[in-house]
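Structure incoming, see below.
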Amino acid sequence: MIFYHEPLYRPPAEADSIIIQVTLGCSYNKCSFCSMYETKKFQIRTLEEIKKDIEKVSAYYPQARRVFLADGDALSCDTSFLVEVLRFLKSSFYKLQRVSSYASPYNLLQKTAQELELLRENGLSLVYYGIESGNHELLKYVNKPMLPSKMVEGLNKATNANIKISATLILGLGGKNLSKQHIEDSAKLINECEHINYLSTLQLGLTDTKEDNFFKRFEKKNSEFIFCDDKEMLQEQKRLISLINPKKPIVFRSNHASNALPLKGTLPKNKEELIEILDLGIEDNSMLRPMFLRGF
């Protein structure tokens with residue numbers, strides 16, 4: 001089999017997918033809350049290396065239907081490079097149905113509409129996109145200073161290219177002091193998008209290597225960060241769901257290991273049922289996932 005450059009990450013929905021490392025690490029790697037690739041220096045692997053990995057794994061699983069392109073943002077590669085990778089995947093897995101990757105806000109803005117359409121034509125059908133928050137000030141606090149309007153622009157560009165979007169928001173990212181702005185602006189951003197196919201929430205968790213810098217960035221903005229507890233994060237989630245009124249239905253999940261209360265449904269169809277479950281969880285903490293079963 002192939003040799004992976006650790007650490008290796010993939011979204012929960014890609015548990016059964018073949019993982020091919022197109023890049024190592026993350027081209028940005030400056031978000032104050034994220035420790036995923038802090039031990040890696042970003043690099044784009046050679047086409048020869050990538051093809052060798054595909055050949056090795058396809059020899060064992062030629063019938064694979066799904067492939068995930070790792071690491072943090074394969075879309076930072078030149079489009080012509082990615083097209084070669086996608087075409088080689090298609091020729092190697094005769095039942096291939098879906099190719100997906102992470103996509104940063106910067107990636108989608110840098111790609112033209114025509115480039116995204118070309119990638120879709122060659123098999124890229126889904127991108128995982130970290131919105132984190134729709135509040136611009138909070139995004140600057142956590143060193144991901146992307147204008148929400150630019151996020152909407154990039155996401156709509158992907159939608160128009162017929163690429164599905166799985167987006168994430170981080171509950172508790174603004175702490176107690178910025179909770180209201182965080183949730184209201186996040187719901188606003190979702191509502192402005194043409195179509196986010198899947199939306200997930202996860203709860204903020206910081207590794208020891210990230211805590212100091214995370215807190216210091218808030219202090220530099222003359223703001224104290226105070227962690228939200230489980231109850232407050234569930235209240236954020238309830239507020240978020242109540243405010244989301246998408247243009248098209250969104251499959252909603254809170255199945256990440258960090259979540260205190262796993263949820264699933266479709267918005268706006270299941271809005272009231274989800275809110276009822278959240279109300280129960282807010283009142284009865286025995287419904288919540290024990291801390292020892294959670295992870296980030």
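Name the pairs: first residue in segment 53-65 and under 18 Å from SER100 (Cα atoms) and free of Cβ contacts under 8 Å to residues at least 40 places away in the same chain, second residue among the hydrophobic types (A, V, I, L, M, F, W, C) and part of a helix (DSSP H, G or I), Cβ to Cβ under 6 Å, at least 6 apart or on different chains?
If the second residue must be among the hydrophobic types (A, V, I, L, M, F, W, C) and part of a helix (DSSP H, G or I), the pairs left are ILE54/PHE88.
With the condition kept exactly as written, say whether any residue in segment 51-74 is buried (at least 18 other Cβ atoms within 10 Å of the Cβ), of a type in the set (Val, Ile, Thr) and not in a strand (DSSP E or B).
Our first condition is that a residue be buried (at least 18 other Cβ atoms within 10 Å of the Cβ); within segment 51-74, this holds for 53-54, 57-58, 64, 66-74.
Okay, now just the ones that are also of a type in the set (Val, Ile, Thr), so 54, 57, 67.
In the following step, the residues that additionally are not in a strand (DSSP E or B) were identified as 54, 57.
Scanning segment 51-74, I find at least one residue that is buried (at least 18 other Cβ atoms within 10 Å of the Cβ), of a type in the set (Val, Ile, Thr) and not in a strand (DSSP E or B), so the answer is yes.
Output the residue which, of all residues in segment 197-253 that are acidic (Asp, Glu) and in contact (Cβ under 8 Å) with a residue 24 or more places away in the chain, is nearest to TYR129 (Cα to Cα). I'd like the intermediate steps shown before the answer.
Start the filter on segment 197-253 by keeping residues that are acidic (Asp, Glu), which leaves 208, 211-212, 219, 224, 229-230, 232, 236.
When the remaining residues are screened for being in contact (Cβ under 8 Å) with a residue 24 or more places away in the chain, the result is 224, 230, 232, 236.
Values: GLU224: 28, ASP230: 24, GLU232: 25, GLU236: 20 Å.
Result: GLU236.
Restricting to segment 264-293, what's the tally of residues that are over 20 Å from LYS164 (Cβ atoms), in contact (Cβ under 8 Å) with a residue 40 or more places away in the chain and either aromatic (Phe, Trp, Tyr) or not in a helix (DSSP H, G or I) (or both)?
The number of residues fulfilling the criteria is 1.
Next up: Among SER200, SER254, which is the only one that is at pLDDT 95 or above, of a type in the set (S, T, N, Q) and touching a strand residue (DSSP E or B) at 6+ places or on another chain (Cβ under 7 Å)?
Values: SER254 fails: at pLDDT 95 or above.
After ruling out the rest, the residue left standing is SER200.
I would also like to ask the following. Pairs needed: first member in segment 29-40, touching a residue at least 40 places away in the same chain (Cβ under 8 Å) and under 12 Å from LEU206 (Cα atoms); second member anywhere, acidic (Asp, Glu) and buried (at least 17 other Cβ atoms within 10 Å of the Cβ); C-beta distance under 8 Å; at least 6 residues apart or different chains.
That search, which allows pairs on different chains as well, returns CYS31/GLU132; PHE33/GLU132.
Given the conditions (1) assigned to a helix (DSSP H, G or I); (2) buried (at least 19 other Cβ atoms within 10 Å of the Cβ); (3) not aromatic (Phe, Trp, Tyr), report the number of the one that SER100 does not fulfil.
(1)
The values are calculated or read from the model by the stated rules, or taken from the named source; none is laboratory data. Treat the numbers as computed from the prediction; the structure is a model and nothing was measured. No Cβ is skipped: glycine too gets one built from the backbone with ideal geometry, and neighbour counts run over all protein chains shown.
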